[in-house]
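In what follows, a single structure is set out as structure tokens and then discussed.
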Amino acid sequence: MRFFHLSDLHIGKQLHYYNLKEDQEHILREVVSYAEKLRPDAVVIAGDIYDKSVPSAEAVAVFDEFLTALSEVKPSIPVLMIAGNHDSAQRLDYACEILKKQNIYIAGNVPQDETKFLKKLTLEDENGMVHFYFLPFLKPGYVRGVFPEKIPESYQAAVEQMIEREHIDWDARNVLISHQFYTGSGQEAATCDSESFSVGGLDRIDSRGIRKFDYAALGHLHGAQEAGAAHVRYCGTLLKYSVSEWNQEKSLHMVTLGKKGDAVQVETFPLHPLRDVRKVRGGLEEILESARPENRDDYISVTLTDEVDPYRPKEQLERVYTHILEVRMDNTRTRQKLEALDDEAELSNPMTVFGEFYVEMQGREMTPEEQKILIQVFERIGKREENAI
Ligand SMILES: [Mn+2]
């Protein structure tokens, strides 16, 4: 049994105000052409289909086009998907009964009461059956209806209890599709700037509880990685969704399940984005000269190291690059400024702190008029806090 493992499509996402529609269409078309060539038995999408819980009409059209193109590959390939934390469970579930007839299987919501269980799809190959379990993104509170006596106390408990009540036959081959923050016992996960997590790490789950599956197709982390075992994996995004990912290699993952107990094989296939995300660093002249025409349309993060701030650097850079994400300065002056800010980071009274911030931003002191306004603002905040107590 061979299947594509995808996740975190984040359709509709923007990168620093650039609309990624063309980039996403392009990369999804590449996935379809891989499907035509490799003929997987299924395509699994482990959550975060859309970037927003209320996706734009444009985003929905992009995904629709992808599903339609996939459905034209014959013989038909089942598509299995779950909701991630960015998706609206209800919206994703819309029309899911009708879509089953099109070989598209969706789980948006987690089971809502004691009588309901995880969605499960069984596919068959020469080695027997493979059961795919759909576990949409959940927080402990989402499953209160399933455990009315006692709501699970943590993300970890919620996931483990949800799996336990399925009474899975571990002698059969089982695949989990899940969108949570799993880590290998005691290991640090590689995270990047395009993900969102809960503060304090409450959402972290030790992957021990899901290692019994023959494969866990995970979504949530945007960099491809294992979570504690080779068969418990994040495939990562198809595209780089933040500058922090510039160095990552994004690829299409195809999983091959052999007989029960055989080691799972994961092959990766290169992806060719319409525009890459790249970082360039150096003096302005140097960057302008070394820009290559084939990189012209890439998404570029520029760090200028000139000791003398160049004149209108962005305008000059726009002559060689069409999609500039940001232009930063890194020279003696900016470094000293940062050090000075670090030193001064003690919290004196809010008026002084804001005053310093104002000078930093505006390059001048506040006028007496402006100070008055600020004093009024602080007074009002003070009153509100008193009321709140
Ligand atoms: Mn995501």
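The values are calculated or read from the model by the stated rules, or taken from the named source; none is laboratory data. Since the model is a prediction, treat every value here as computed from it, not as a measurement. Ideal geometry is used to build each Cβ from the backbone, glycine not excepted, and the neighbour counts take in all protein chains shown.
General remarks:
- Complete set of residues in the range 284-302 that are farther than 25 Å from L238 by Cα and either touching a residue at least 60 places away in the same chain (Cβ under 8 Å) or loosely packed, with under 15 Cβ neighbours inside 10 Å (or both): E285, E286, E289, S290
Residues are listed down the side, and each one gets a yes or a no for (1) within 14 Å of the ligand (Cβ to nearest atom); (2) of a type in the set (K, R); (3) out of contact with any Lys or Arg (no Cβ under 7 Å at 6 or more places or on another chain):
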{"site": "Y34", "(1), (2), (3)": "no, no, yes"}
{"site": "V62", "(1), (2), (3)": "no, no, no"}
{"site": "L70", "(1), (2), (3)": "no, no, yes"}
{"site": "D87", "(1), (2), (3)": "yes, no, yes"}
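- Members of the range 138-183 that are under 30 Å from V277 (Cβ atoms) and assigned to a loop (DSSP other than H, G, I, E, B): Q180
- Check on I168, assigned by TED's automatic domain parsing to the domain that holds A227, within 27 Å of M1 (Cβ to Cβ) and either surrounded by 14 or more Cβ atoms within 10 Å (Cβ to Cβ) or at pLDDT below 95 (or both): yes
- Taking the range 57-124 and the helices (runs of 4 or more DSSP H) fully enclosed by it, the elements with 3 or more residues that are of a type in the set (V, I, T) are at 57-71.
- Looking only at residues in the range 323-334 that are exposed (fewer than 15 other Cβ atoms within 10 Å of the Cβ) and closer than 17 Å to H16 by Cβ, the one that is nearest to the chain's Cα centre (by Cα) is E326.
- Considering Q24, Q14, the condition of being under 21 Å from Y234 (Cα atoms) and within 16 Å of the ligand (Cβ to nearest atom) is satisfied by Q24 alone.
- Identity of the residue in the range 36-60, away from the ligand (no atom under 15 Å from the Cβ) and acidic (D, E), that ends up farthest from I104 (Cα to Cα): E58
- Qualifying residue in the range 305-319 (condition: under 23 Å from T191 (Cα atoms) and surrounded by 12 or more Cβ atoms within 10 Å (Cβ to Cβ)): no
- Checking each residue in the range 72-115 for being surrounded by fewer than 15 Cβ atoms within 10 Å (Cβ to Cβ), small (G, A, S) and within 23 Å of the chain's Cα centre (by Cα) picks out no residue at all.
- Among the residues of the range 255-274, those that are under 26 Å from K21 (Cβ atoms) and touching a Ser or Thr at 6+ places or on another chain (Cβ under 9 Å) comprise T268, F269, P270, L271.
- Positions within the range 196-223 being surrounded by 20 or more Cβ atoms within 10 Å (Cβ to Cβ) and either under 22 Å from G258 (Cα atoms) or within 12 Å of the ligand (Cβ to nearest atom) (or both), in sequence order: I210, F213, D214, Y215, A216, A217, L218, G219, H220, L221, H222, G223
- Residue that is nearest to the ligand (Cβ to nearest atom), among those in the range 227-246 that are more than 27 Å from F63 (Cα to Cα) and not aliphatic (A, V, I, L, M): G228
- Checked against the criteria, Q156 does not count as in contact with a strand residue (DSSP E or B) (Cβ under 8 Å, 6 or more places away or on another chain), under 22 Å from K116 (Cα atoms) and within 16 Å of the ligand (Cβ to nearest atom).
- Residue within the range 257-278 that is within 16 Å of the ligand (Cβ to nearest atom) and among the charged types (D, E, K, R) present: no
- Criterion (assigned by TED's automatic domain parsing to the domain that holds N19 and more than 25 Å from K139 (Cα to Cα)) met by exactly one of L67, L118, L80: L67
- Consider the range 1-11 and keep the residues that are outside any loop (DSSP other than H, G, I, E, B) and out of contact with any Pro (no Cβ under 6 Å at 6 or more places or on another chain). The one that is farthest from the ligand (Cβ to nearest atom) is H5.
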